[in-house]
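The values are calculated or read from the model by the stated rules, or taken from the named source; none is laboratory data. A quick note: this is a predicted structure, and the numbers were derived from the prediction, not measured. Here Cβ is always computed from backbone atoms with ideal geometry, including for glycine, and neighbour counts include all displayed protein chains. Note: accessible area is taken over every heavy atom of the protein model, side chains too, but ligands, DNA and RNA are not part of it. Shrake-Rupley method; radii C 1.70, N 1.55, O 1.52, S 1.80 Å.
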Amino acid sequence: MEISAKYNPQGIEQKWYDQWMAHKLFSSVPDDRPSYTIVIPPPNVTGILHMGHMLNNTIQDILVRRARMLGYNACWVPGTDHASIATETKVVNQLKEQGIAKEDITREEFLGYAFEWKEKYGGIILDQLQKLGCSCDWERTRFTMEPDLSEAVIDSFIDLHKRGYIYHGTRMINWDPVGKTALSDEEVNHEEQNAKLYYVKYKLENSEDFISIATTRPETIMGDTAVCVHPDDERYQKLIGTKCIVPLVNRKVPIIADDYIDPEFGTGALKVTPAHDINDYEIGKRHNLDSIDVFNEDATISEAAGVFVGEDRFKARKLAALELENLGVLIKTEEIVNKVGKSERTKAVIEPRLSAQWFVDMKKFMADYPEVLSQVMDDEIQFHPPKFKNTYNHWLTNIKDWCISRQLWWGHRIPAWYTPNGAIAIAKTAEEALVQLNDSSLSVSDLRQDEDVLDTWFSSWLWPISVFNGFQEEGQKELDYYYPTSDLVTAPDIIFFWVARMIMAGHAFEGKMPFKNVYFTGIVRDKERRKMSKSLGNSPDPFDLMGKYGTDGVRMGLMLSAPAGNDILFDETLCEQGRNFCNKLWNSFRLLKGLEVTETQNEYYTIYASQAHTWMEAKIARATSSVNDHFDNFRISDALMELYKLTRDDFSGWYLEMIKPTYGDPIPQQDLDKAINMFDAILRLLHPFMPFITEELWQEIENRNGEFINRQDWPNFENRPTPIHANVFDLISEIRAKRNENGISPKVVASIALRTKDNSVYQSAAGIIEKLANVETMSATIENGFKALIGTDEVEIGFKDFVQQIDTQAIEGEIKRLKGFLIGIGKKLSNEKFMANAKPEVIANEEKKKSDTLSKIASLEKQLSI
């Protein structure tokens, strides 16, 4: 069948993906091959494909497809995360549209709606990943709230509680008043914003004098239970131990001293509100102060405040400032910039709040499992790029206890059971809890399960183990085979949320690390370095891009701009470049398939064709070796660029021209076969990056009898010296350039005269030079020809019946430029510090530059003297 004249990605992508799926090409079961395993960072079940997903999953697919070709039993496990806060918000909003309030239905009814929503919308992103070409083992698709994985979460909670790592306590936590749930420190983003600093007078008891404080939060004054100064602050020595009166509520509170206070900030006197500030809370504990919570869970003012009850906190701030002014105690306000914590999910301003929650004791955890840090710092687990080791180290050496309870319904419910008298049992079921409590006066109906669910990350940290049912006896065989996994591809912004915690869980439950390498992608930004977002309108729809440029074109465009760990400056023109490359590949194959074939050998043709084959094999061998090295060091973008140049420049640009017979002549069959074999190897090298077009072309080469390119071996060429020197191609390019610059037809024969130390470089490739540059003789005597330098070799080029007018001005300009360059080299070589510290090969390179530049200047000056 004749290959179509134009590459049409829409015509082949779904066709091949359907065939891959039908033949279970991506399925993996344990066997005697070594395993290569990747677990997908599970996207939120609420998610749809965006550019970050495109990048992350393209990289994973590249690694997995190559691993298959290297002979590994490659297993890429897909799945989705239940995403407690995000999903609950979606469901609550959907119910609101139907006129149903969450508060008006039972937990069971709400979960019914949530699972219904998940079944309808939850698989969209996985379907989209198939469009991207992802070669996941879809039969292994997991969901963090499916029964087996839920059981693993509950089992791990019970186990860690027994071992003393999980505790229940009342502490100051981050409270999201929109999501109405606790958050861990890592789920809070701190942003700078403009604010006001209010200076307020607190009247001293039994006196007309005042002590002044400065606060950014006058709406919390109703919760003040002390005023605090530094013990060494001379301004307030006489006031320590006395009392003052809190305005708005007229409460008498003590004036206390504590080293925490900064005498230089504000007035040096701090209003202490233990219920609403972590530092105030710690002061309150040290001085046995009362704690008054002036906020409801939605951050409206509570009854305990006594004033502004029911008002939103930000409105209450304005009302409090106005009332303080009316009372004559507001001294002044200052405009300042301060940092405010916001919920990563809801974007609400976080409130510090005293709350009874469940925590993981991270300091005890790290004391028992120090390898969580040491394995990364000692490169047993390698980070790519390694700069993120510093971030990881900083977080783990400053770790805080992990708040793992969330005040939500969608998620894994905490397996804690309470009796009427306050006793607690940690168990899977009420029946197991009853046995544990060993109280004959109790029945199952007396027990109440904790209302809270676990932090989403408490299930995600088990992901590399739980996806293989590693917490169940029947899953041990698979876990032993696939775990530890091989590589993890993720974003650096979840290095704490997920990467560190997976390493912790790996050691806590399996006694070993969960993966060997972590590849950190960058953030996808536009060409103006802005983060892509819907609000900015700078985030293209991935499906529009794939429709316009083809999936392979978009994958290539992303990867050409994606060095590990650095932000990706995405430009749609890169996708256009990817599409053009696909067209180049397609047309190269069409050229090969369109050649007329003969069984007869042409001795003259065979000599230079043989040189061309050997040269191309050497180029593929070198490129393959270089690509392998790039992969070993996770320079995946560099690997693609190497193959891009190999294909576009070496194969399509030079090799095909060398072997293409003169117009009208056929190509010997054996030479075409060698060219096809070379093209086959290039397709296999490109396949992980561009799966669809490489499959289509590979199938077009010959009848494959049900085989697929991803099941073929990764090319392995023996390195060999190239038979054609780079100067040969530079010479051909120079001759062609002179034709173009001077409007000389390619049909006009050229003659050249060379001045070189090693003429064999050119003579050994004479047939190729004559063919590609239309050169009649390489040892001519040329008068008034074009002069050029090929490296340090001088060449004079003449064309039949063409007389050159020497451009004296241009030559003089080039001599001036080279002399300037020579001055720069001279400064380096005369710099004692440079000569003392530079490596010998660097110095040798500079000296060679100097020698080559002097030769070029001499040659150009000789041209001017003619």
Could you calculate the FRET efficiency of Val597 with Asp312 from 1/(1 + (r/R0)^6), where r is the beta carbon distance between them and R0 is 60 Å, rounded to 0.05? 0.15
Please name which of Cys136, Thr80, Thr46 has its Cα lying farthest along the dipole of the range 1-141 towards the positive end, using unit charges on Cβ (Lys, Arg +1; Asp, Glu -1) and the Cα centre as origin. Cys136
In deg cm²/dmol and to the nearest 500, what is the mean residue ellipticity at 222 nm of the chain if only DSSP H runs of at least 4 residues count, each as -39500 (n - 2.57), divided by the residue total? -13000 deg cm²/dmol
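If each residue of separation counts as 0.36 nm, what is the full-extension length gain between Val842 and Glu119 once their alpha-carbon separation is subtracted? Could you put the intermediate results ahead of the total?
Working: separation 723, 0.36 × 723 = 260.28 nm, distance 6.22 nm.
Between Val842 and Glu119, full extension yields 254.1 nm more.
Using a Förster distance of 35 angstrom, determine the FRET efficiency expected from the C-beta separation of Lys849 and Asn398, and round it to 0.05. Could you put the intermediate results ahead of the total?
On the way: r = 49 Å, r/R0 = 1.40.
E between Lys849 and Asn398, to the nearest 0.05, is 0.10.
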Percent RCO, i.e. relative contact order, over the chain, from Cα pairs under 8 Å lying at least 6 residues apart: 12
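Excluding Pro352 itself, calculate the net charge of residues whose Cβ lies under 9 Å from the Cβ of Pro352, where each Lys or Arg counts +1 and each Asp or Glu counts -1.
-2
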Return the subset of Lys243/Lys271; Lys645/Lys787; Lys645/Lys856; Lys15/Lys593; Lys674/Lys747; Lys203/Lys271 for which the Cα-Cα distance in this structure is over 18 Å, preserving the input order. Lys645/Lys787; Lys645/Lys856; Lys15/Lys593; Lys674/Lys747
Quote the relative contact order of the range 269-367 in percent (integer), defining contacts as alpha-carbon pairs under 8 Å separated by 6+ residues. 19
Determine which lysines satisfy two conditions relative to Lys527: a Cα distance under 17 Å, and not lying fewer than 8 residues away in the same chain. none
extent check for the chain: Cα max minus min per principal axis, descending, whole Å, gives 115, 65, 51
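Can I get the semi-axes of the range 1-158's equivalent ellipsoid? Compute them from the C-alpha gyration tensor as square roots of 5 times the eigenvalues, in angstrom, largest first. Don't jump to the answer; show the numbers that get you there.
Details: eigenvalues 250, 97, 30 Å².
Sorted largest first and rounded, they come to 35, 22, 12 Å.
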Taking the alpha-carbon distance from Lys332 and a cut-off under 18 Å, which aspartates and glutamates remain once sequence neighbours fewer than 8 residues away in the same chain are dropped? Asp209, Glu219, Glu264, Glu323
List residues of the range 498-524, by number, whose backbone nitrogen lies under 16 Å from a label position 7 Å along Cα→C-beta of Ser374. 504, 507-508, 511-513
Report Rg (one decimal) and Dmax (nearest whole number) for the range 4-48, counting Cα atoms only, units Å. 16.2, 44
Mean projected area (nm²) of the alpha-carbon convex hull when the range 314-445 is viewed from all directions: 16.0
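Multiplying the sequence separation of His190 and Asp544 by 0.36 nm and subtracting their Cα-Cα distance, what value in nm do you get?
On the way: separation 354, 0.36 × 354 = 127.44 nm, distance 3.45 nm.
Residue separation times 0.36 nm, minus the Cα-Cα distance, leaves 124.0 nm.
Kindly state, to the nearest 0.05, the FRET efficiency for Glu474 paired with Asp159, given R0 = 25 Å and r defined as their beta-carbon distance.
Calculated transfer efficiency: 0.85.
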As a Kirkwood estimate from alpha-carbon pairs, the range 826-866 has a hydrodynamic radius in angstrom of 11.5
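Roughly how many percent of the accessible protein surface of the chain is carbon and sulfur, given a 1.4 Å probe and a whole-percent answer? Write down the numbers at each step before the final one.
Working: 18800 of 39500 Å².
Answer for the chain: carbon and sulfur cover 48 percent of the accessible area.
Rounded to the nearest whole Å², what accessible area per residue is found for the chain with the 1.4 Å probe? Working shown, then result.
On the way: 39500 Å² over 866 residues.
Result: 46 Å² per residue.
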Pair Asn279, Ile100: separation of 7 Å Cα→Cβ label points (nm): 4.7
Cross-link candidates for Lys364: which aspartates and glutamates have Cα within less than 13 Å, leaving aside residues fewer than 8 places away along the same chain? Asp401
Under a crude label model (7 Å from the Cα following the beta-carbon direction), how far is Glu151 from Thr391 in nanometres? 3.7
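Over 31 Å between C-alpha atoms is what I'm after, so list which of Lys6/Lys660; Lys180/Lys400; Lys118/Lys162; Lys96/Lys428 land there.
As for pairs spanning more than 31 Å Cα to Cα, those are Lys118/Lys162; Lys96/Lys428.
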Expressed in nanometres to one decimal, the distance between label points 7 Å along Cα→Cβ at Thr781 and Lys238 is 11.6
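Where does the charge balance sit around Lys400 when Lys and Arg score +1, Asp and Glu -1, over other residues with C-beta under 13 Å from its C-beta? Before the final figure, lay out the partial values.
On the way: positive: Arg171, Lys363, Lys364; negative: Asp185, Glu186, Glu187, Asp361, Asp401.
So the surrounding residues net to -2.
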Å³ per residue enclosed by the Cα convex hull of the range 218-314: 96
How long is the range 234-281 along each principal axis, judged by its Cα atoms, biggest number first, in Å? 28, 26, 17
Descending packing, highest mean Cβ count within 10 Å first, for 816-827, 734-745, 240-251 is 240-251, 734-745, 816-827
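Give me the net charge for the shell around Asn580: Cβ to Cβ below 12 angstrom, other residues only, Lys and Arg +1, Asp and Glu -1. Write out the running numbers ahead of the final one.
On the way: positive: Arg579, Lys584, Arg648; negative: Asp552, Glu576.
Neighbourhood net charge equals +1.
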Restricting to Cα pairs below 8 Å that are 6+ residues apart, what does the relative contact order work out to for the range 350-408? Please round to a whole percent. 56
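For the chain, list the DSSP H helices whose alpha carbon atoms reach 18 Å or more along the long axis and whose average Kyte-Doolittle value is -0.5 or above?
Numbers: long enough: 9-22 (20 Å, -1.31); 51-69 (27 Å, -0.18); 84-97 (20 Å, -0.39); 107-121 (21 Å, -1.27); 147-162 (23 Å, 0.07); 313-326 (19 Å, -0.55); 572-594 (33 Å, -0.66); 603-632 (43 Å, -0.61); 669-686 (25 Å, 0.17); 726-742 (24 Å, -0.66); 808-829 (31 Å, 0.05); 840-865 (38 Å, -0.82).
Taking the DSSP H segments of the chain (at least 18 Å long, mean hydropathy at least -0.5), we get 51-69, 84-97, 147-162, 669-686, 808-829.
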